[in-house]
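The values are calculated or read from the model by the stated rules, or taken from the named source; none is laboratory data. What you are looking at is a predicted structure, and each value in this text was computed from that prediction instead of being measured. FYI the Cβ positions are ideal-geometry reconstructions off the backbone, even for glycines, and counts take in every protein chain you see.
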Amino acid sequence: MAFGMHNPGFLRAGIWPVSPLVHPRIVRFMEQLPHEYKRGKALFRERIRRAGLAEWVAAPAEPENFLAVLEKGLRSYGLPVLDDMLKESILVDLGYVDGKALAQARRNADSAPAVPDLLCDAVALEVGLRSLM
């Protein structure tokens with residue numbers, strides 16, 4: 001998402017990445033809150049409680065993450081893109097990524113319990129660069 005926010009391809013398509021949380025009124029409101037409301041997202045958690053949701057929703061024991069989704073996406077969609085990268089890659093051609101190391105990492109990814117995050121970064125950057133062409 002961070003790469004996409006700066007990607008001219010998105011801008012050419014008319015997609016302007018603007019977060020509602022950067023609106024000046026929201027920023028001023030958050031700056032004026034007492035620290036105890038900001039610490040640990042206390043204000044947001046209290047709103048969730050008042051909406052009637054369970055405590056495990058308002059204050060989960062473990063932080064939420066999307067590792068399972070990322071892993072599924074990398075295995076289903078990212079690794080095929082990586083296979084294309086092994087044939088022809090902007091990053092490899094320009095010398096930013098070692099092609100032999102990338103090929104080894106691809107082979108290792110099949111048997112690894114989790115696809116390394118670094119491969120996700122390389123695939124995302126490659127796809128972004130390709131979108132500029």
Original post:
Out of all the residues in the stretch 51-82, which are more than 30 Å from residue 121 (Cα to Cα) and assigned to a helix (DSSP H, G or I)?
Top reply: 55, 56, 57, 58
Original post:
In the stretch 95-110, is there at least one residue being under 17 Å from the mean Cα position of the chain (by Cα), of a type outside the set (Gly, Ala, Ser) and not in a helix (DSSP H, G or I)?
Top reply: no
**OP:** Scan the stretch 35-71 for residues that are surrounded by 10 or more Cβ atoms within 10 Å (Cβ to Cβ), modelled with pLDDT under 90 and among the small types (Gly, Ala, Ser) and jot them down.
**Re:** 40
Original post:
Given the residues 131, 76, 89, which is the only one that is in contact with an Asp or Glu (Cβ under 7 Å, 6 or more places away or on another chain) and of a type in the set (S, T, N, Q)?
Top reply: 89
Subject >> Hey, residue 115 over 16 Å from residue 130 (Cβ atoms) and not in a helix (DSSP H, G or I) or not >> reply: yes
